[in-house]
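Below is one structure, written out as C-alpha cells, with a few remarks after it.
The values are calculated or read from the model by the stated rules, or taken from the named source; none is laboratory data. This is a predicted model, so every value here is computed, not measured. A quick note on method: Cβ atoms are made from the backbone with ideal geometry, for glycine too, and the neighbour counts reach across all protein chains shown. To get the accessible areas, we keep the full protein, side chains included, count just its heavy atoms, and leave off ligands, DNA and RNA. Shrake-Rupley method; radii C 1.70, N 1.55, O 1.52, S 1.80 Å.
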Amino acid sequence: MTTTRGPTICPPVTHPSATNEAAWAGQRTVVRYAVLAFLFVITAINYGDRATLGIAGSSIAHDLGLTPVAMGYVFSAFAWAYVLSQVPGGWLLDRYGSIRVYGVSLFAWSVCTLAISGIGRIPHDIAFPALFVLWAGLGLVEAPTFPANSRIVSSWFPTSERGLATSIFNSAQYVAVAFFAPVMGWVTQRFGWEYIFAAMGIAGMGLAIFWLARMQPPATHSAVSAAELAFMRSGGALVDIDDRTRRVRTTLTERQIRFMLTDRTLLGVYGGQYCITAILYFFLTWFPLYLHQSRGLSMTQTGLAASVPALCGLAGAIIGGALSDMLLRSGRSETLARKAPYVIGMAVASTICLCNFVHSAWLIVAIMSFAFFGKGVAAIGWAVISDIAPKEAPGLAAGIFNGIGNIAGIVTPIVIGYIVAWTKSYDGALLFVAAHCIVAILLYLFVVGKIRRLSLPT
C-alpha cells in the first residue's frame, strides 16, 4: 500500500503580529465564534443525552427490576459501541468531511434516544437487552462527534486561540449536566423518566436538520471575509480540510498506522485522556445514584446537587483553556502551555477521595465541586490532540484518542457496579476514581514529550 500525497494543506504556523492583527481588525469577520457556539449547543445536547440514564437510573432500575450490576452493564453499553466505532468514525470524517458525518450522527443518536422512551412499554423479560442495545446504539452513532469537534476547531481556529476554543466546546458537558440534571430530575419525579428521553430525542433531530442546512467549511463559507480566512490560515488553522474540492485524501500505510498507535507522545496523551474520562463517567453514571442511594437525597435534590459540580467544571474548563492560550501568547512553549493546566487540574481532581471522610451531603457536594473544577481545568486534551495530530489524518488521530479515552466508559461503570455490590459502599469507588488522577499526572510528566505537530513517516 502506498501513501497518496497531495498539496500541503496549510503553510507553516506563524502567529500574526500585533500590527497585522490591527490592520485586519476593521475588516475581519468573526464567524468562527458563531461556529463554536453551534458546536457548544450540539455538544450540550450530546451530553444531555448521555446524562439521561444517570439521572433516571434509579427510576428505570425500579420500574424494570434491574440490579446494580445490571445497571453497571447498561451504563457501559454506550462506551462499548462508542470505543469500537472511534477509528471507523475518524476515518469517515477524513473521507467525507465533518459536516455531513456530524449531521447524520446527530440525527441518528437522537432517534436512539427517542426510542428509549418506549422501553417501559415492552415486556420486562426483554427490557434489559432492549435497553442495552439502544444505549449501545447511542454510543455507536455518537462516535464521530468529539473527533468532529476537534477537527472543526482545528479548521476554524488558529493555534493561539485553540486552547480556549476546545475548552469551550468541551465545557458543554458541564453545562449539560448543570442545566439538564435538575430539569431531568424534576421531570422524572413529576411525570416519569420516559419524557426526558422523548424530549431530548426530538430536540436533537431538529438540531441535526438545522446543522446540515446551514453549516459550511471555512474556506467556502459565504459569511467569512478574506481577512478572517487569512488570519485563521496564517495562525495555523487547517482551513481546507473540510473543503470537498481541496481536501487531501490520504491512504495510510501500515507503518504510518503503527506510528499512530506506538508513538510515545501520542500514547501518553491517549492514556491521559483515558484517566480524565474515568472521572467524567463516574459523574455521568454513578454520581447521581451515589447522592440518592448513599447520601439519601431525593431525585429533585439529586438533580440540583449534581448541577453544582457541573457548574464548577464549566468554570474550570474555561479557566484551563484561557490559561493555556495566555501562556502560549506570552511566549511560553506549547509544551508548558498545554501540560501545566492538565497536571494542576488532575491534582485538584484527586481530592475526590476526601468524600470518604465526611458525612454531610452538602459538604460532599462541595468536595465533588472542587474535584470537578480541577477536572475542568485539566480538560485540555482535545487542544493537545489538535496540536499534535498529523495533518494527513486529524480525524483518525482524534478517533484513536477518543476511542482509547472512552475505554474508561466501559471499565468505570462496571468496576464501580461491582465495588458497590460487593462492599455495599461507594468508598472504594471514589478511591478508584482518584487513582486515575495520579496516573494521569505521571503520564503527562514522564511519558508525553514535547507538544508539536507530528509528521507521519514516509
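Please verify whether residue 397 is assigned to a helix (DSSP H, G or I) and either more than 23 Å from residue 139 (Cβ to Cβ) or open to solvent by 30 Å² or more (accessible area, probe 1.4 Å) (or both), treating the condition exactly as stated. So residue 397 does not fit the description; no.
If you go through the stretch 208-223 and keep only what is at pLDDT 90 or above and open to solvent by 90 Å² or more (accessible area, probe 1.4 Å), you end up with 209, 210. Only one of the numbered conditions (1) surrounded by fewer than 24 Cβ atoms within 10 Å (Cβ to Cβ); (2) closer than 30 Å to residue 190 by Cβ is not met by residue 286, and that is (1).
Hey, among 70, 79, 127, which residue is within 16 Å of residue 409 (Cβ to Cβ), modelled with pLDDT under 85 and not hydroxyl-bearing (Ser, Thr, Tyr)?
79
Right, residue 193: modelled with pLDDT of 85 or more, aromatic (Phe, Trp, Tyr) and within 21 Å of the chain's Cα centre (by Cα) or not?
For residue 193, the condition - modelled with pLDDT of 85 or more, aromatic (Phe, Trp, Tyr) and within 21 Å of the chain's Cα centre (by Cα) - is not met.
Within the stretch 339-384, the set of residues being surrounded by fewer than 24 Cβ atoms within 10 Å (Cβ to Cβ) and either closer than 26 Å to residue 452 by Cβ or of a type in the set (D, E, K, R) (or both) comprises 339, 340, 343, 344, 347.
Within the stretch 82-91, take every residue that is surrounded by fewer than 24 Cβ atoms within 10 Å (Cβ to Cβ) and part of a helix (DSSP H, G or I) and give me the one that is modelled with the lowest pLDDT. For the stretch 82-91, the residue satisfying everything is 91.
Within the stretch 131-141, does at least one residue satisfy the condition of being over 22 Å from residue 80 (Cα atoms) and either hydrophobic (A, V, I, L, M, F, W, C) or touching a Leu at 6+ places or on another chain (Cβ under 7 Å) (or both)? No, every residue in the stretch 131-141 fails to be over 22 Å from residue 80 (Cα atoms) and either hydrophobic (A, V, I, L, M, F, W, C) or touching a Leu at 6+ places or on another chain (Cβ under 7 Å) (or both). Evaluating residue 103 against the criteria (1) open to solvent by 10 Å² or more (accessible area, probe 1.4 Å); (2) farther than 30 Å from residue 308 by Cα leaves one unmet condition, (1). Going through (1) farther than 27 Å from residue 160 by Cα; (2) open to solvent by 20 Å² or more (accessible area, probe 1.4 Å) one by one, residue 185 falls short only on (2).
Among 55, 45, which is the only one that is open to solvent by 10 Å² or more (accessible area, probe 1.4 Å) and modelled with pLDDT of 85 or more?
From the options 55, 45, the qualifying one is 45.
A single entry from 435, 408, 421 fulfils the requirement of being among the small types (Gly, Ala, Ser) and without any contact (Cβ under 8 Å) to a residue 60 or more places away in the chain: 435.
Cβ-Cβ distances below 9 Å connect the following pairs, each with a first residue in the stretch 332-355 that is outside any helix (DSSP H, G or I), a second residue that is charged (D, E, K, R) and surrounded by fewer than 21 Cβ atoms within 10 Å (Cβ to Cβ), and a separation of six or more residues or different chains: 333/450. Checking every residue in the stretch 116-137 against the condition of being surrounded by 23 or more Cβ atoms within 10 Å (Cβ to Cβ), assigned to a helix (DSSP H, G or I) and not hydrophobic (A, V, I, L, M, F, W, C) gives zero matches.
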